[in-house]
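The structure under discussion appears below in the form of structure tokens.
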Amino acid sequence: MNKKQMLVLHNWVGLKLSLLMFIVCLTGTFAVISHELDWLFTDKLRISAQDERYIDWEAIYNNVKVEYPQRSINTINAPLYSNFASIVLTDDPELGFRRVFVNPYTGEVKGDLPYYASFQRTLRDLHRYLFAPIGGLYIVGPLGIILLVSTISALLFYKKWWQGFFKLRLRSGSRAFWGSLHKVVGLWSLWFLLLIGITGTWYLAERIIRDAGVQIQQERQYTPKKDIQNNQFIEQQINVSEAIKTAVSTISNLTPTSIAFPKNQTGPIIVTGYTDAILVRPRSNSVFINPVNGNVIEYRATKDLSALSVWVDMADPLHFGTFSGLGVKLIWFFFGLLVCVMSASGIIIFVKRIQKRRKDSWIKNIFGGMKYVTFTVLIIPIFFGTLLALIALNKIAYVEDHYHKPLVTNPSITGLPKVDMFISESENKVFIRLGIDCRNCIAKKHKASVVLENGDSIKFKRTLLKGYRGTSTATLKADQLSKIKHILLQGDEGDRVTLYMHK
């Protein structure tokens, strides 16, 4: 291709996708400092800075369970900075996923908020896949390729581009100013554009590879069935301190940053963290621990990984500048803003160039037939963003009335903890969820069902718009509540436990 064709290519890819590119760049820029934005606007996240590096993981876990006994704890995260609270991700039977803020040094619970009431989560998900529930990365991912094409094509048609770092034309009219600003900003941001383009393209390639069924990293580990004591339906987990101690003794120089808990007996406890290795995310160092006996199932350390695996764990820190504290983040944020300015100035240049020659609207002149594609794509984050906002504000769920009803457990089942039935009523429907009253319990994979006196069986299903948001719920008609015969749990191996029997 000659230089004129390169200019045409640069203009076409830069303009037709300019609005979508601008939105993705802007959300990505602010996603870099999203944790800090959360700290500024969330008083529950702010604590008095302390010098100690010690984190009381056990106190955090126990105090959250005392404060919210009905919830399961998914993950405990270490504070990002010394004046940040730890964030504990929990699953509430009525309210869905919630973030609990805890003083990491004392274990004091400071309060909680909905999962999506967060700059970090909202900006990251909007930037990464536009909130699309399916295939969002296939919409955003190609923009990494577009960014590379646009950057490289500009270098090929721009004569002696290496001499233009300081050629900002301030007194030659607005059109000349915007044109020179576009070039100067692009040159100073060249390294950043290439880095973001390469890592953004990798995200798309990684998704394609994984969707093709090719494993490029160590697979997620599972707890061997033979290691589960007596293969009971419900087991007692090891405590948090023991899991952290095991992880630290397994990988040398490990500083834990999170601990994730299993949802059932097939899942391990996972401790991740940093070592002396740089430019990698904490997931690069992971210890998978049997939750019942405390043995290490498997572990992965950066020093033992292949070059490809290390690159997979480097992409995120490089893309968002999260590998060396706030200073690097601010550099990434600054150059992200420059990219947004460059994107906007490119549109201004084109509008000024054509405004006297064409009578069509600027939208039609810039986007042409692509305007329908662009605006259709942008409907996705608007629709699902509104849905997530309603969920975060607790607007979607029937939780007007609820009460706890103790269940009569089968006396022949030993070691089975107390199980509660959470009931919510709305109009002519009743929603039921089961909760196990055990602080460190995990259960087998199972299916639950309500059996009525006439023999009909109603299964517990996961639902978003009815009953307890996103959790396993049985939906009954109001008159069926008094006709329940019993509630059963059935494991994968056919074993059954009768949790509730109507007297």
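Quick note: the coordinates plus some simple rules give every number you see, no bench work behind them. Bear in mind the structure is a predicted one, so any value in this text is a computation, not a measurement. Counting neighbours? That spans all protein chains shown, and the Cβs are built from the backbone with ideal geometry, glycine included.
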Margin query: How would region 114-187 be classified by its alpha-carbon gyration tensor: rounded, prolate or oblate, with rounded meaning a/c under 1.5 and the a/b versus b/c comparison settling the rest?
Written below: prolate
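Go through 438-444, 64-70, 211-217 and give me the packing order, highest mean Cβ count within 10 Å leading. Spell out each step's value before the answer.
On the way: 438-444: 18.1, 64-70: 16.1, 211-217: 9.9.
So the peptides 438-444, 64-70, 211-217, ranked by packing, come out 438-444, 64-70, 211-217.
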Note to self: Among the listed pairs LYS429/LYS483; LYS444/LYS477; LYS263/LYS461; LYS459/LYS485; LYS65/LYS445; LYS418/LYS477, which have their C-alpha atoms separated by more than 18 angstrom in this model?
What the structure shows: LYS444/LYS477; LYS65/LYS445; LYS418/LYS477
Notebook entry, point to check: Hey, if you put +1 on the Cβ of every Lys and Arg and -1 on every Asp and Glu Cβ in region 160-255, which of THR199, PHE177, GLN215 ends up farthest toward the positive end of that dipole?
Noted result: PHE177
Check: From a point 7 Å beyond the Cα of GLU242 in the direction of its Cβ, which residues of region 264-278 have a backbone N at a distance under 14 Å?
Finding: 269
Item checked: Distance (nanometres) between label positions extended 7 Å along Cα→Cβ at TRP161 and THR255 -> 3.9
Checklist line | In order through region 325-337: 3J(HN,Hα) via Karplus (6.51 cos²θ - 1.76 cosθ + 1.60), integer Hz, x for Gly, Pro | finding: x, 5, x, 5, 4, 5, 5, 4, 5, 4, 6, x, 4
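Could you work out how much longer the chain between LEU170 and GLU427 gets when fully extended? Use 0.36 nm per residue separation minus the Cα distance between them, nm to one decimal.
Numbers: separation 257, 0.36 × 257 = 92.52 nm, distance 6.76 nm.
Residue separation times 0.36 nm, minus the Cα-Cα distance, leaves 85.8 nm.
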Checklist line | For region 43-117, the fraction of alpha-carbon pairs in successive 5 Å shells from zero, as % | finding: 3, 18, 31, 25, 14, 6, 2, 0
Item checked: Spatially proximal aspartates and glutamates relative to LYS303 (Cα-Cα < 15 Å; intrachain offsets below 8 disregarded) -> ASP276, ASP313
Next item on the list: Taking amide H positions as placed in the peptide plane 1.01 Å from N, state which residues far from CYS441 in sequence (5 or more) or on other chains have amide H under 5 Å from it.
Entry: GLN237
Note to self: Going by amide H atoms built from the backbone, whose H comes under 5 Å of the H on ASN74, apart from near neighbours?
What the structure shows: LEU89, THR90, ASP91
Next item on the list: Apply the Debye scattering formula to region 205-343, with a single equal point scatterer on each alpha-carbon and no solvent, then give log10 I(q)/I(0) at q = 0.10, 0.12, 0.19, 0.22 Å⁻¹.
Entry: -0.44, -0.60, -1.11, -1.26
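FRET efficiency for PHE383 and ASN293, Cβ-Cβ distance as r, R0 = 51 Å, nearest 0.05?
Working: r = 47 Å, r/R0 = 0.92.
It comes out at approximately 0.60.
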Check: Among GLN120, TRP57, GLY144, which residue has its Cα positioned farthest towards the positive end of the charge dipole of region 38-191, with +1 placed on the Cβ of Lys and Arg, -1 on the Cβ of Asp and Glu, and the dipole taken about the Cα centre?
Finding: GLY144
Notebook entry, point to check: For all pairs of alpha-carbon atoms in region 68-197, what percent lies in each bin of width 10 Å, listed from the first bin to the last filled one?
Noted result: 11, 24, 20, 19, 16, 10, 1
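Can you tell me which of 272-285, 18-31 comes out highest on packing, and rank the rest after it, using the mean Cβ neighbours within 10 Å? The partial results should precede the final answer.
On the way: 272-285: 19.0, 18-31: 21.3.
Those peptides, ordered most packed to least, come out 18-31, 272-285.
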Notebook entry, point to check: How far apart, in nm, are the 7 Å Cα→Cβ label points at VAL310 and TYR138?
Noted result: 3.4
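Given charges of +1 on the Cβ of Lys and Arg and -1 on the Cβ of Asp and Glu, with all other atoms neutral, how large is the dipole of region 43-117 about its Cα centre, in debye to the nearest 20? Intermediate values should be presented prior to the final figure.
Values: 8 positive and 11 negative charges, 32 e Å.
The dipole magnitude comes to about 160 debye.
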Check: Out of residues 5 or more away from LYS110 or on other chains, whose amide H comes under 5 Å of its own, with H placed 1.01 Å from N in the peptide plane?
Finding: PHE101, VAL102, ASN103
